[in-house]
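Presented below is the structure to which this report refers.
The values are calculated or read from the model by the stated rules, or taken from the named source; none is laboratory data. Predicted model only: the values in this text are computed from it and were never measured. All Cβ positions, glycine included, derive from the backbone under ideal geometry; neighbour counts span all protein chains shown.
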Amino acid sequence: MADKMKASPPPARRGIFSPLRHAIFRRIWLASLTSNLGLMVMGVGAAWAMMEMTSSPEMVALVQASLMLPIALVSAPAGAAADMFDRRIVSLVALSISFIGASSMTLLAWYGALSPSTLLAFCFLIGCGMALMGPSWQASVSEQVPADDLPAAVALNGISWNLARSFGPAIGGAIVAALGATAAFANNALFYIPLLIVLFMWRRVREASRLPPERLARAVVSGVRYIAYSLPIRVVLIRTMVTGVLGGSILALMPIVARDLLSGNAQDYGVMLGAFGVGAVVGALNVSNLSSQLGAEKAIRLSALAMGAGVAVVAVSHSKLLTGAALLVTGAGWTASVTLFNVGIQLVAPRWVAGRALAAFQASISGGVAAGAWLWGATAKAIGVSDALLVASFALALSAILGRWLRMPQVKGPTEQTLEALQDPQMRLQLTARSGPIVVEIEYRVDAKQARLFYAVMQQVQHSRQRNGAYGWSIARDIADPELWTERYHCPTWLDYLRQRNRPTDVERALHARAQEFHIGPEPVRIRRMLERPVGSVRWKEETPDRAVTDNATIVGA
């Protein structure tokens with residue numbers, strides 16, 4: 001009986017620490033926390049070692065730039081590798097590069113052979129390893145936890161980085177003050193080992209794909225094309241880079257602030273960076289509430305204003321306590337804004353290009369910070385540290401109005417491809433994966449009264465096709481039969497066409513279906529798939545001399 005039936009237990013509540021219940025995620029998370037701590041300690045040692053070798057603010061600022069610039073340079077192939085290859089192997093190779101760089105820098109420092117140029121070179125090498133690892137590491141989180149725990153897992157990875165930023169600089173300052181910069185370099189090399197071991201022991205299960213992976217060059221091009229034809233992603237990347245350039249001022253000039261404005265030492269420098277990191281943790285823990293109450297756009301504007309106010313106080317303060325409090329506010333604003341940009345990218349980008357979209361995000365923030373480090377270092381050299389920071393604070397506050405023209409996209413959930421893959425079209429030519437180019441023509445018959453509205457919809461279809469891999473898109477209207485419209489595009493090979501055909505998301509497929517709803521007449525939309533320049537590129541079957549694949553059925557994916 002119903003009244004005697006046992007009620008099913010309510011679903012378990014999933015908090016921020018729920019992903020730590022999964023062994024593989026817990027091990028990787030703890031090991032990555034150790035690795036991040038080592039990197040923060042090394043950063044303190046490198047900045048202080050550079051300041052001991054030269055008094056130039058530009059050279060000190062270039063330490064930060066050399067660590068961050070590789071992410072901008074390596075991001076495109078790193079993102080493609082994350083989407084193409086085994087992410088565990090990519091992460092192992094990348095981490096090994098950073099480990100070799102850290103070990104080599106330690107040995108040179110131990111023997112007194114480290115110069116400003118070699119210091120920057122090894123910082124750049126370590127940054128290259130971390131840049132290569134970033135997209136694979138972030139994209140592999142979904143393989144370590146179930147879908148319900150994914151948002152919390154992404155947040156925990158952000159907290160891991162900010163915990164390291166909170167305590168790593170203070171630990172680094174203490175190590176440098178007690179044992180010197182060489183000890184900080186050695187600490188970094190040792191702290192890579194746990195993550196290398198955990199990744200090596202992870203038995204990752206790869207999902208089989210119906211289509212073979214793209215070649216590296218093609219994958220990079222596909223990622224760039226998707227971003228170029230995706231307005232929401234471009235908006236987020238531009239806003240991210242602006243924040244990186246302006247917010248990079250405080251990150252790059254912190255050693256000079258500690259030495260000149262606060263009359264401090266390496267340990268004080270570490271404490272100031274720690275204050276920034278504590279604020280970053282506070283920002284990461286509260287970003288969800290901030291976003292839900294204000295929305296992404298208003299939350300980012302508030303974060304920019306908070307950063308501007310914090311940097312202004314740092315510029316005029318000579319009190320360690322006041323500067324530390326201002327850095328708390330600055331760190332909270334910095335992390336809140338960067339996290340919101342990261343979430344924006346992950347919600348907009350479909351899974352097939354997620355690694356490349358995340359790589360572009362990393363390139364934007366890191367390239368912005370690297371460019372900002374050089375810019376604000378040169379500015380500080382010309383007008384002084386305090387005035388440079390005041391200019392940066394004003395620019396940060398002013399950046400809040402960017403949302404009037406570049407508003408954050410409003411997306412409620414992640415962009416996914418939940419529909420089943422389309423069946424391959426029937427063909428009467430014997431094609432290979434490399435046969436091509438493939439030309440697609442789609443004929444619509446549209447009421448003349450609906451022509452303007454149809455054309456507007458087709459402009460959106462154009463961006464969808466081009467994002468997913470179509471080239472040479474065009475729409476034409478028959479001058480002898482004004483109701484007849486022909487959409488035309490091509491793909492480099494048959495395999496590229498099959499990929500392009502299955503990449504559209506649910507929203508894009510609905511858009512394609514909307515375009516076909518304009519079609520009138522007794523016959524369905526006509527789709528022709530043709531092999532351009534067929535001679536010598538295929539082997540004809542004797543019984544099928546046709547050179548075109550024609551389909552009179554209405555197929556949303558074309």
Which of (1) assigned by TED's automatic domain parsing to the domain that holds residue 528; (2) surrounded by 16 or more Cβ atoms within 10 Å (Cβ to Cβ) is the odd one out, the single condition residue 456 does not satisfy? (2)
Sole exception among (1) at pLDDT 85 or above; (2) of a type in the set (Gly, Ala, Ser); (3) closer than 17 Å to residue 501 by Cβ for residue 436, by number: (1)
Tell me, please, whether a residue that is outside any helix (DSSP H, G or I) and either in contact with a strand residue (DSSP E or B) (Cβ under 9 Å, 6 or more places away or on another chain) or among the aliphatic types (A, V, I, L, M) (or both) can be found in the range 279-298. no
Which one is modelled with the lowest pLDDT among residues in the range 504-543 that are in contact with a helix residue (DSSP H, G or I) (Cβ under 8 Å, 6 or more places away or on another chain) and charged (D, E, K, R)? 508
For the range 324-345, does any single residue satisfy the condition of being buried (at least 19 other Cβ atoms within 10 Å of the Cβ), in contact with a Pro (Cβ under 7 Å, 6 or more places away or on another chain) and not charged (D, E, K, R)? yes
Scan the range 72-90 and give yes if some residue there is in the same structural domain as residue 378 (by TED's automatic domain parsing), over 21 Å from the mean Cα position of the chain (by Cα) and modelled with pLDDT of 85 or more, otherwise no. no
Is there a residue in the range 403-411 that is under 24 Å from residue 337 (Cβ atoms), at pLDDT below 95 and assigned to a helix (DSSP H, G or I)? yes
Report, by residue number, each residue of the range 276-298 that is surrounded by fewer than 24 Cβ atoms within 10 Å (Cβ to Cβ) and of a type in the set (A, V, I, L, M, F, W, C). 278, 281, 282, 285, 290, 294
Taking the conditions exactly as written (under 30 Å from residue 502 (Cβ atoms), modelled with pLDDT of 85 or more and in contact with a Lys or Arg (Cβ under 7 Å, 6 or more places away or on another chain)), does residue 341 satisfy them or not? yes
Can you find a residue that is among the β-branched types (Val, Ile, Thr) and touching a residue at least 60 places away in the same chain (Cβ under 8 Å) anywhere in the range 93-102? no
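May I ask you to list the residues in the range 258-273 that are assigned to a helix (DSSP H, G or I) and surrounded by fewer than 24 Cβ atoms within 10 Å (Cβ to Cβ)?
Across the range 258-273, the qualifying residues are 259, 260, 261, 267, 268, 271.
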